[in-house]
1. From the list Leu176, Leu155, exactly one residue is out of contact with any Gly (no Cβ under 8 Å at 6 or more places or on another chain), within 24 Å of Phe18 (Cβ to Cβ), touching a residue at least 12 places away in the same chain (Cβ under 8 Å) and surrounded by fewer than 20 Cβ atoms within 10 Å (Cβ to Cβ). Which is it?
2. Going through Arg165, Arg178, Arg154 one at a time, which residue ends up being under 15 Å from Gly113 (Cβ atoms), touching a strand residue (DSSP E or B) at 6+ places or on another chain (Cβ under 7 Å) and modelled with pLDDT of 95 or more?
3. Test of understanding: among Glu239, Glu287, which residue is within 23 Å of Arg212 (Cβ to Cβ) and modelled with pLDDT of 95 or more?
4. So, in region 86-120, exactly how many residues are surrounded by 20 or more Cβ atoms within 10 Å (Cβ to Cβ) and either over 22 Å from Lys50 (Cα atoms) or out of contact with any strand residue (DSSP E or B) (no Cβ under 8 Å at 6 or more places or on another chain) (or both)?
5. Go through region 141-151 and count every residue that is assigned to a helix (DSSP H, G or I) and either at pLDDT below 95 or buried (at least 22 other Cβ atoms within 10 Å of the Cβ) (or both).
6. What's the total number of residues in region 192-208 that are without any contact (Cβ under 8 Å) to a residue 60 or more places away in the chain and either crowded, with 17+ Cβ neighbours inside 10 Å or touching a Phe, Trp or Tyr at 6+ places or on another chain (Cβ under 6 Å) (or both)?
7. Might you check whether a residue that is within 20 Å of Val128 (Cα to Cα) and at pLDDT below 95 occurs anywhere in region 70-77?
8. Considering only helices (runs of 4 or more DSSP H) fully contained in region 212-317, which possess at least 3 residues that are free of Cβ contacts under 8 Å to residues at least 24 places away in the same chain and in contact with a Lys or Arg (Cβ under 8 Å, 6 or more places away or on another chain)?
Amino acid sequence: MERCAAVDRSETELMKEFPRPRVLVSRCIGFDPCRWNGLMIRSDVVRLLKPFVDFCPVCAEVEIGLGVPREPVRIVERDDRLELYQPATDTYWTEAMESFSARFLDGLPEIDGAILKSRSPSCGMKDVKVYPSSPNSMPRKAGVGLFAAAVMERLGGVAIEDEDRLTNFVIREQFLTRLFASASFRRAKAEGTMGALLDYHTRNKLLLMAYREELMRAMGRIVANHEHKPLDEVYRDYEAHLQRALSRPPRLTASINVLQHALGYFFEGLLDAEKEFFLERLDDYREGRAPLSVPRGILRSWVVRFDQEYLRDQTFFEPYPEELAQITESGKGSKL
């Protein structure tokens with residue numbers, strides 16, 4: 001079993017001031033040819049992330065004693081229970097997988113996210129084929145892999161995706177935003193002071209406003225701590241609200257509201273033509289003709305031009321490293 005490790009730390013200068021998220025990943029995705037057929041899955045997202053995160057690779061099937069290559073396993077439904085079954089050897093691996101999953105997750109450090117192998121009987125987080133227990137039968141419904149089920153139960157508050165869904169731009173942007181927001185909060189929590197929490201909340205205020213404004217305001221009240229709660233309880237309450245706030249993508253109208261709010265910081269210093277240009281790009285974003293990065297990029301240029309200190313520190317304008325902002329789109333997995 002391998003600890004989480006940095007990949008290519010010589011490139012950490014690219015990180016600027018971003019923390020390094022810890023990401024659990026299926027080992028077959030870009031790390032080792034350990035799939036049942038001895039192959040490795042290539043993922044552009046994992047490749048791009050390697051200089052920026054500390055990956056924790058694992059192949060649950062190898063860890064429970066299945067070799068490489070190996071006879072395929074599948075999920076079967078037997079006595080109203082999902083089991084991990086290897087037809088070629090007539091062997092059930094359920095108990096071994098459940099035991100390994102609990103042991104592995106118990107020993108895992110605090111994780112910011114996970115990338116799991118899509119549709120795998122061990123690691124698939126959705127759309128895994130479920131077979132009846134009778135031989136030679138066809139799958140009749142979709143389920144979750146056994147290891148993935150344990151991961152989602154234990155780590156349900158963090159960003160968890162499969163490599164297939166991450167080829168979708170919207171899903172990938174949401175995943176990366178959550179990943180780096182979580183890593184940054186973990187760094188504040190390690191410092192363990194009220195000042196660190198206040199700084200985190202201040203820098204993420206516009207980002208949280210775009211996601212869930214009502215939760216952002218509730219988080220502000222948690223930080224204010226008028227009830228004088230113990231610091232560990234304050235952090236715990238804040239983290240629960242943070243995970244709720246980031247659990248779904250921001251609404252279009254909420255993001256537009258934040259963009260218009262930010263525009264107000266520059267309004268008096270802009271030419272009429274500049275205002276008109278920005279509002280036209282905002283309409284493009286509203287109508288789906290341009291991504292959020294277009295109006296956000298214009299505002300960011302004005303942050304530099306006017307040296308706007310408050311907005312300069314807002315993660316809304318750069319929620320994750322620019323090098324990860326790939327706009328390629330597969331069209332897959334567009335359902336969040």
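The values are calculated or read from the model by the stated rules, or taken from the named source; none is laboratory data. Just so it is clear, the model here is predicted, and its values are computed rather than measured. Glycine gets a Cβ as well: all are built from the backbone with ideal geometry, and neighbour counts include every protein chain shown.
1. Leu155
2. Arg178
3. Glu239
4. So the count comes out to 5.
5. 4
6. Matching residues across region 192-208 total 4.
7. Yes, because at least one residue in region 70-77 is within 20 Å of Val128 (Cα to Cα) and at pLDDT below 95.
8. Hits in region 212-317: 293-306.
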